[in-house]
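Since the structure comes first, as structure tokens, the remarks are kept for the end.
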Ligand SMILES: [Zn+2]
Ligand SMILES: [Zn+2]
């Protein structure tokens with residue numbers, strides 16, 4: 001099961017994308033994407049919208 005990096009929600013409607021800075025995989029759920037919760041890359045600390 002994939003987990004959202006922003007809110008720790010676990011589920012199936014999670015989008016995986018790459019950190020623009022270090023290409024680490026980042027998971028974000030539909031909800032966080034919709035309300036533009038910021039995400040943080042755990043590898044390089046990049047914070048993005
Ligand atoms: Zn989320
Ligand atoms: Zn990164």
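Brief remarks on what is shown
- Any pair with Cβ under 9 angstrom, 6 or more apart, that starts in the stretch 36-48 at a residue that is at positive phi and ends at one that is within 15 Å of ligand 1 (Cβ to nearest atom) and at pLDDT below 95: 36/49
- Entry remark, the stretch 9-20: residues being within 10 Å of the chain's Cα centre (by Cα) and within 10 Å of ligand 2 (Cβ to nearest atom) number 2 in total.
- Of all residues in the stretch 9-20 being within 11 Å of residue 41 (Cβ to Cβ) and in a loop (DSSP other than H, G, I, E, B), the one that is farthest from ligand 1 (Cβ to nearest atom): 20
- Options 23, 36, 6; residue that is in a loop (DSSP other than H, G, I, E, B) and away from ligand 2 (no atom under 16 Å from the Cβ): 36
The values are calculated or read from the model by the stated rules, or taken from the named source; none is laboratory data. A quick note: this is a predicted structure, and the numbers were derived from the prediction, not measured. When we count neighbours, we look across all protein chains shown, and the Cβ atoms used for this are built from the backbone with ideal geometry, even at glycine.
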